[in-house]
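Here the structure comes first, spelled out in structure tokens, and everything after it is commentary.
The values are calculated or read from the model by the stated rules, or taken from the named source; none is laboratory data. Keep in mind that what you see is a predicted model, and the values were worked out from it rather than measured. Note: ideal-geometry Cβ built from the backbone for every residue, glycine included; neighbour counts use all protein chains shown. In case anyone asks, the SASA skips ligands and DNA or RNA and just uses the protein heavy atoms, side chains included. Shrake-Rupley method; radii C 1.70, N 1.55, O 1.52, S 1.80 Å.
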Amino acid sequence: MDETLKQYMMLFKEMNNVINGPDYPGKEKDIQHQKEQIDAYGKQLQQGFSTDYDYDVFADSVIKCAYGDMTLEDLEAVYYGLKTSFF
């Protein structure tokens, strides 16, 4: 699996767990830091897609994967399928 994709997915899941987890001192700061990291990885990943639409489809798939509606293997298939599309 692409290392950038793996890091992006791990950070997204971590942020989701923090958001939905119990409150604690510094939670908002942790969420903001994770969001900044996710945005940086997202920009790297976005460069591999030929259109914004392809990236949007991928981003929707990341959300599905984070919520357990899609496997990591399926996400990887979507990722590589969209990166290689020439429409």
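A few comments on the model shown:
- Residue list for segment 64-79, filter: of a type outside the set (Asp, Glu), touching a residue at least 40 places away in the same chain (Cβ under 8 Å) and open to solvent by 30 Å² or more (accessible area, probe 1.4 Å): 67, 72
- Among the residues of segment 15-36, the one identified as buried (at least 16 other Cβ atoms within 10 Å of the Cβ) and closer than 20 Å to residue 79 by Cβ is 15.
- Of the residues making up segment 1-58, just one is within 25 Å of residue 83 (Cβ to Cβ), among the aromatic types (Phe, Trp, Tyr) and not in a helix (DSSP H, G or I), namely 49.
- For segment 50-82, the set of residues classified as in contact with a Phe, Trp or Tyr (Cβ under 8 Å, 6 or more places away or on another chain), within 14 Å of residue 4 (Cα to Cα) and not β-branched (Val, Ile, Thr) consists of 58, 79, listed by residue number.
- If only residues of segment 40-54 that are within 14 Å of the chain's Cα centre (by Cα) and at pLDDT 90 or above are counted, the one that is farthest from residue 18 (Cα to Cα) is 54.
- Candidates in segment 37-63 are the residues that are of a type in the set (Phe, Trp, Tyr) and more than 12 Å from residue 11 (Cβ to Cβ); of these, the one that is surrounded by the most Cβ atoms within 10 Å (Cβ to Cβ) is 58.
- For segment 1-23, the set of residues classified as among the β-branched types (Val, Ile, Thr) and either touching a residue at least 24 places away in the same chain (Cβ under 8 Å) or within 10 Å of residue 34 (Cα to Cα) (or both) consists of 4, 18, listed by residue number.
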